[in-house]
1. Which pairs turn up if I take residues in the range 32-46 that are within 18 Å of PRO58 (Cβ to Cβ) and aromatic (Phe, Trp, Tyr) and look for partners that are part of a loop (DSSP other than H, G, I, E, B) and modelled with pLDDT of 75 or more with beta carbon separation below 9 Å, at least 6 apart in sequence or on another chain?
2. Out of curiosity, is PHE25 hydrophobic (A, V, I, L, M, F, W, C), at pLDDT 75 or above and surrounded by 10 or more Cβ atoms within 10 Å (Cβ to Cβ)?
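The values are calculated or read from the model by the stated rules, or taken from the named source; none is laboratory data. No experiment lies behind these values; they were computed from the predicted model shown. Cβ coordinates were reconstructed from backbone atoms using ideal geometry, including for glycine residues, and neighbour counts include every protein chain displayed.
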Amino acid sequence: MSKNQNTFIKKQKAELKRRKQKEKFEKKLERKSQPKDGSLDNMIAYVDEFGNISDSPPAPPVEKKSNSNQSNQNKVKTNQNFRNHE
């Protein structure tokens, strides 16, 4: 009786293996039939200043307008103070 069970189990395993191979082959065909869109634009992701990932590029940063004369005067004063300490 054990011989009959062994052959039955072998047949079941072989059938299961064939079924899995068939399903795998069908999935492969399904993947191949779908159009591939591997363009660079679809693969790019952007990260904003908060660390969130998005598909669209972030808005350009807004620069604060500073009084250039004031910053230049501060630089000159700093340089003069540095030279006086030498």
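1. TYR46/ASP55; TYR46/SER56; TYR46/PRO57; TYR46/PRO58
2. Values: hydrophobic (A, V, I, L, M, F, W, C): yes; at pLDDT 75 or above: yes; surrounded by 10 or more Cβ atoms within 10 Å (Cβ to Cβ): yes.
Spelling it out, PHE25 is indeed hydrophobic (A, V, I, L, M, F, W, C), at pLDDT 75 or above and surrounded by 10 or more Cβ atoms within 10 Å (Cβ to Cβ).
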